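Worksheet: the structure to be examined is printed underneath.
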Amino acid sequence: MTETSFNFHDGKGSVPAHQHPNGGGWVANTAHVDESARVYGDAQVYGNAWVYGNARVYGDAWVYGDARVYGDARVYGNAQVYGDAWVYGDARVYGDAWVYGKVKVEKTPIVVTGLRYTITICGKTAHVGCECHAIAKWRKFKPEKIANMDGASATEFYPKLIKLFDGLGL
């Protein structure tokens, strides 16, 4: 393992870091990545993040803050997992997806693109555009609440969203 420093572009400048022996991706010395896990490509793990088990972080993906990635989980592409988020089990987080906050992702989220708003469904929660709510809450919103989100566009889109939930059995 090569000891050196690396700038993770998080405002802290260069910090003590090393390239992971199982893949060569950058890992801050404050983070923990088991040798059984893989960090490769231009992937980065920093802050107090943990990556362990058979987990993989690769491509241009970042895992940071107090995030956890473990089990058979994969984080790749330009994806970011941060804050207190946990990604585990068979979950796949990829593309330009961001998983953050106190979220736990055990299965691969459903991502719907090509509509007025991008929709990401993770368990019982749906991110629609910049709004994130429990699916049960989305179903109960009154027309005024939907209109306040994005005006006529949101009002017109809302019935399609509910049909999508119905079609997916959510």
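The values are calculated or read from the model by the stated rules, or taken from the named source; none is laboratory data. Quantities reported herein were computed from a predicted structural model and do not represent experimental measurements. As a convention, Cβ positions derive from the backbone with ideal geometry for all residues, glycine included, and neighbour counts pool all protein chains shown. Just so you know, the surface numbers come from the protein's heavy atoms only, side chains and all, with ligands and any DNA or RNA stripped out. Shrake-Rupley method; radii C 1.70, N 1.55, O 1.52, S 1.80 Å.
Some points to look at:
- Rounded to the nearest 10 Å², the accessible area of Glu35 at probe 1.4 Å: 140 Å²
- Stretching Leu168 away from Ser153 to a fully extended chain increases their span by 3.1 nm, per 0.36 nm per residue minus the current alpha-carbon distance.
- Cα-centred dipole magnitude for the range 1-130, charges only on beta-carbon of K, R (+1) and D, E (-1), debye, nearest 20: 460 debye
- Projected-area average for the range 57-107 over all orientations - Cα convex hull basis, square nanometres: 2.6 nm²
- Positive-end residue, the chain charge dipole about Cα centroid, Cβ charges, pick of Gly71, Thr30, Ala136: Ala136
- Within a Gaussian network of the chain (alpha carbon springs, distance under 10 Å), most fluctuating of Val33, Val63, Val112: Val112
- In the elastic network of the chain, a GNM with C-alpha springs shorter than 10 Å, the most mobile of Thr125, Thr155, Thr30 is Thr155.
- Per residue, in Å², the accessible surface of the chain once ligands and nucleic acids are set aside, probe 1.4 Å: 54 Å²
- For the chain, modelled as a GNM whose springs connect Cα atoms under 10 angstrom apart, the maximal fluctuation among Ala31, Ala154, Ala61 occurs at Ala154.
- Between Asp60 and Lys12, the modelled labels are 2.3 nm apart [label points 7 Å from Cα along Cα→Cβ].
- Degrees between helix 143-167 axis and first principal axis of the chain (Cα, 0 to 90, nearest 10): 80 degrees
- Alpha-carbon radius of gyration plus Dmax, which is the widest Cα pair, for the chain in Å: 18.2, 58
- Annotation for the range 114-160 versus the range 4-66: alpha-carbon center distance of 35 Å.
- Shown in residue order for the range 81-91 are the 3J(HN,Hα) couplings computed by the Karplus curve 6.51 cos²θ - 1.76 cosθ + 1.60 at θ = phi - 60°: 10, 7, x, 9, 5, 10, 10, 8, x, 9, 5 Hz (x for Gly and Pro).
- Only helical runs count toward this figure. For the chain, summing -39,500 (n - 2.57) over DSSP H runs of n ≥ 4 and dividing by all residues gives -6000 deg cm²/dmol at 222 nm.
- The figure for Thr108 is an accessible area of roughly 60 square angstrom, using a 1.4 Å probe on the protein chains alone.
- Of the solvent-accessible surface of the range 15-170, computed with a 1.4 Å probe over protein heavy atoms with every protein chain present, carbon and sulfur atoms account for 53 percent.
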